[in-house]
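Everything on this sheet refers to the single structure shown next.
The values are calculated or read from the model by the stated rules, or taken from the named source; none is laboratory data. Just so it is clear, the model here is predicted, and its values are computed rather than measured. No Cβ is skipped: glycine too gets one built from the backbone with ideal geometry, and neighbour counts run over all protein chains shown.
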Amino acid sequence: MRQANDDAHELHTWAPALQRSLDESAGPLKRVVLLRTTDSTQDAARRMNAAAGDVVIAARQTSGRGRMGRLWADTGESGIAVTMVIARQQLQQDVTGRLAIAIAIAAARTAEQFLDRPVGIKWPNDVLVDGRKLAGVLIEQVESVALAGVGMNIAQTAFEGELADRAVSLAQLGAEVPRKEVLCTLLRAANTAIPLTDEQLCEAFAARDVLRGTETAFLVQGQRVAGTVLCVDPLRGMLVRTHDEIEQWLPAAVTSVCTP
């Protein structure tokens, strides 16, 4: 385990607990890299040439981002920011799609531990409660590894502007829990979810899928595709029946849900 910029007593108490969560869950994630502040845990992992099995965690992230270049709003020390480094060879076929769903399942399972209620996943990377975003996943590839970033809202009591109706935190949902405890749960959940078989992955996702059967519009490499969501396959993407009755697979890496 390695710590950086750790001059706060709180972070000192985080380190052994986080590492113990990895050790006890005995999965592909092996070592915690703990930062006090960083622009983005994804970029920090790149700069330090983090190896497969490393988990980069920041107590505060100031320039987080999501898929398709979107920003992840900085909320001071009220949320968590994590990047997990996974060897691409461990992910078999579709690196981006499969890993995004595995990590989304881990984030959803984490939230369920504290909320005692089902948590949904909006393919491929949003974790939702009652239609509001609790967490997001970002997958990027760097040479032989994939960087799986997770941002989750924990202690916020309110969101400003357009986020007021679109985002939600564990605290707003009635779960006031320390960030360290959420992180420990997330690391254990990720070490369990990443090695899931294809069948297990599909089953875990299907139980939380909020798009199946809905009429939804997507943006695929600049083109709009609208229709009924038939199913989601972690290795292939999303199967949609368009309004002219054509069934079309939409790959996770280049697809986003159109904002209403």
Exercise for the section: Go through LEU22, LEU29 for me and flag whichever is assigned to a loop (DSSP other than H, G, I, E, B), aliphatic (A, V, I, L, M), at pLDDT 95 or above and out of contact with any Ser or Thr (no Cβ under 7 Å at 6 or more places or on another chain). Expected result: LEU29
Problem - Candidates GLN200, GLN141, GLN113 - the one that is assigned by TED's automatic domain parsing to the domain that holds SER78, touching a Ser or Thr at 6+ places or on another chain (Cβ under 6 Å) and more than 17 Å from LEU29 (Cβ to Cβ) - result: GLN113
Fill in the blank from the handout: The condition of being charged (D, E, K, R) and in a loop (DSSP other than H, G, I, E, B) holds, among GLU245, GLU203, only for GLU245
Practice task
Could you name every one of the strands (runs of 3 or more DSSP E) located completely within the stretch 87-195 that has at least 1 residues being free of Cβ contacts under 8 Å to residues at least 60 places away in the same chain and buried (at least 19 other Cβ atoms within 10 Å of the Cβ)?
Solution key: 126-129, 132-142
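Name the residues in the stretch 206-216 that are outside any loop (DSSP other than H, G, I, E, B) and within 15 Å of VAL119 (Cα to Cα), would you? Step through it out loud before you land on a result.
Going residue by residue through the stretch 206-216, those that are outside any loop (DSSP other than H, G, I, E, B) are 206, 209, 215-216.
Selection gives ALA206, ASP209.
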Exercise for the section: For GLN221, state whether it is polar (S, T, N, Q) and in contact with a Gly (Cβ under 8 Å, 6 or more places away or on another chain). Expected result: no
